[in-house]
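First comes the structure, then the notes that go with it.
The values are calculated or read from the model by the stated rules, or taken from the named source; none is laboratory data. Just so it is clear, the structure is predicted and the values come from calculations on it, not from any experiment. So basically every Cβ, Gly included, is an ideal-geometry build from the backbone, and we count neighbours across all protein chains shown.
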Amino acid sequence: MKTWLSPRSTAGLIMIAGALLALPFLAASGGQAWVRILDFAILYVFLALGLNIVVGFAGLLDLGYIAFYGVGAYVYALLASPHFGLHWPIWAILPIGAFVACLFGMLLGAPTLKLRGDYLAIVTLGFGEIIRIFLNNLDAPVNITNGALGLNLIDPVRLGSLSLAGTSEWGALSLSGPQKYYFLLVTLAIVVVVINLRLQHSRIGRAWQAIREDEVAAKAIGINTRNIKLLAFAMGASFGGIAGGIFAAMQGFISPESFSLTESVMILAMVVLGGMGHIPGVIFGALLLAVLPEVLRYAVVPAQKALFGSVLIDPESLRMLVFGLALVLVMRFRPAGLWPSPERKRELAEVSE
Amino acid sequence: MSSTLLEAHHIGKHFGGVSALRDVSLTIRTGEIYGLIGPNGAGKTTFFNCLTGLYVPDRGDFGFDGQLLAANAPHQAAQRGIARTFQNIRLFGNMSARENIMVGRHLRTRAGVLGAVLRDTRTRAEETAIARRADELLAYVGIADRADHLAKHLPYGDQRRLEIARALATEPRLLCLDEPAAGMNATETAELRVLIEGIRADGTTVLLIEHDVKLVMGLCDRVAVLDYGEKICEDIPSVVQKDPAVIEAYLGGSPDA
């Protein structure tokens, strides 16, 4: 068993760490907007890794994953905004958000235990919509979510006396708000990656994989498939809940609009495109799909102006076009994703024997 | 040797209008190899599925080791010590042979999410033990050299062996084999016979569904015959072979014709 890293992987880790440290400063040279894009990209990594537990590890197709993100965001917003006059600290809210999202995860998981594939996808899709519609309408008779108007003036994350909103200076070092969030997000994302990696190669991870492969056989060798599936839903959901909390704090404003079906589909696309069940692949997929549209947004308008003298195609619609095309191409030529795990490659390879 | 391990009491199961099992009662003693035979569609696999909790019998119940077996709870049946293989092999195709057996250890190990994430000493020790046991079992069934192959890429005979190894990983007291020799040639069947005898010698009771009459008659201590969901005979092989009802079930026609 490996107890310590080889020199090569140590060097790799140092390089990744260096890149992660330098990235927000490089991005800032293009304007704070790029740092914010980076923040969102990491938030999506977070979400994609959470969904990967449900879809990639346990093989349960979940099209309503964004609901947990929404639940986490609303928990944060309700406990740290003028809406109810509550201003709880982050270390209290994030665990509550994760816990509530986890409860919702089990709420979704429990009635769908016997469903698989298409049927499960439809039920989870409906669940996601139900949550969004609830958020939209829970402003009467008692105003809980403030309906479609959303919740405003949400507290930023505060770590001790340090607020993550606005610029802070320590001598020569000056960090903008998005840069500070970046470091918080990267730290949390690393924790999530480690949790994911370790879960995958554990007794629980193997049980998930067994359920994905053959549920009847998994039952017959004594896996309590009900509990193990609920665990997958609950864990995936709690990661979504934490991501939602940070999203609310970072944005300062949330409304049900942010938690639409398109977002669920987007996160699923990240998982599938990157390489289902393969953690580096999922991270790659999330970063790619989060950053690429923004690059397009900045590149398309000037390019069209230079070529045709006017903007012919709206970048937003072009984005969907490119997206669809990319998905079709990937599914046609790399069905295991852009960066699949070695095992998955083997699965799809022809048997040479 | 003669204590009772499994008692089936008046098991009945029907699908729509078809009675798959009618009032089947049988007793399996600790340490024996018990054969369950019968023509196609006689209800052998249905009996297995009822026993291992995949189906809920409409009537009757099972007593295992002196206690009632809960219906409709496959993982509990496995917990109590009943392991099975499937007629149409059901391995975890995209996992390696070793991983298949490691999953089989799920039931007898404890590590949860916290253990997996923290990787404390106990979890690591458990993981090492799981891997070691998997390798032992691979060697036991004779496919040690296939440990890292994906299960679905294994030759047919090895898949059968792997499925048995996976079942053994759950530390069963009763191992139920559903047509393990199906599709095997004479050499493979002979090897399988040695394996099953070894399993019994190591203390596991075996319940065997099989079509290969020669294998059943040579291997089993006692045999029950099912026909149209009913038990028509239960005795030692030499008696079963001569039973007129059994001959009729297998060859058709009536004895007086």
How many residues of the stretch A:286-302 are among the aliphatic types (A, V, I, L, M) and over 14 Å from A:R319 (Cβ atoms)? The answer is 2
Please go through the stretch A:169-199 and pick out each residue that is within 17 Å of A:A237 (Cα to Cα), in contact (Cβ under 8 Å) with a residue 40 or more places away in the chain and either of a type in the set (K, R) or within 14 Å of chain B (Cβ to nearest Cβ) (or both). A:V192, A:V193, A:N196, A:L199
Say whether the condition of being buried (at least 18 other Cβ atoms within 10 Å of the Cβ) and more than 10 Å from every other protein chain (Cβ to nearest Cβ) is met by at least one residue in the stretch B:63-71. yes
Of everything in the stretch B:157-211, what is among the basic types (K, R) and buried (at least 23 other Cβ atoms within 10 Å of the Cβ)? Give them in sequence order. B:R160, B:R161, B:R166
A:G244 - would you say it is facing chain B (nearest Cβ under 8 Å), in contact with a strand residue (DSSP E or B) (Cβ under 9 Å, 6 or more places away or on another chain) and crowded, with 22+ Cβ neighbours inside 10 Å? no
So which residues in the stretch B:169-227 are more than 12 Å from the chain's Cα centre (by Cα), of a type in the set (D, E) and more than 15 Å from B:V240 (Cα to Cα), if there are any at all? B:E171, B:E188, B:E191, B:E197, B:D202
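Condition check ((1) within 28 Å of A:L188 (Cβ to Cβ); (2) without any contact (Cβ under 8 Å) to a residue 24 or more places away in the chain; (3) part of a loop (DSSP other than H, G, I, E, B); (4) small (G, A, S)) across all residues:
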residue	(1), (2), (3), (4)
A:C102	yes, no, no, no
A:L107	yes, yes, no, no
A:Y119	no, yes, no, no
A:G126	no, no, no, yes
A:R132	yes, no, no, no
A:N143	no, yes, yes, no
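For every residue, the table says whether it meets (1) within 14 Å of chain B (Cβ to nearest Cβ); (2) closer than 19 Å to A:L292 by Cβ; (3) assigned to a helix (DSSP H, G or I).
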| site | (1), (2), (3) |
| --- | --- |
| A:M15 | no, no, yes |
| A:A22 | no, no, yes |
| A:R36 | no, yes, yes |
| A:I42 | no, yes, yes |
| A:N52 | no, no, yes |
| A:L60 | no, no, no |
Quickly run through the stretch B:118-134 and pick out the residues that are at the interface with another protein chain (Cβ under 8 Å from one of its Cβ atoms) and of a type in the set (V, I, T). B:T123, B:T128, B:I130
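Yes/no per residue for (1) in contact with a Leu (Cβ under 6 Å, 6 or more places away or on another chain); (2) aliphatic (A, V, I, L, M):
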{"residue": "A:Q209", "(1), (2)": "no, no"}
{"residue": "A:A217", "(1), (2)": "no, yes"}
{"residue": "A:L230", "(1), (2)": "no, yes"}
{"residue": "A:F239", "(1), (2)": "no, no"}
{"residue": "A:G245", "(1), (2)": "yes, no"}
{"residue": "A:E257", "(1), (2)": "no, no"}
Matching residues in the stretch B:87-117 - criterion: being of a type in the set (A, V, I, L, M) and either outside any helix (DSSP H, G or I) or at the interface with chain A (Cβ under 8 Å from one of its Cβ atoms) (or both): B:I89, B:L91, B:M95, B:M102, B:V103, B:L107, B:A111, B:V113, B:A116, B:V117
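Conditions (1) under 20 Å from the mean Cα position of the chain (by Cα); (2) surrounded by 15 or more Cβ atoms within 10 Å (Cβ to Cβ); (3) not assigned by TED's automatic domain parsing to the domain that holds B:G252, marked per residue:
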| site | (1), (2), (3) |
| --- | --- |
| B:K44 | yes, yes, no |
| B:P74 | yes, yes, no |
| B:M95 | no, yes, yes |
| B:M102 | yes, yes, yes |
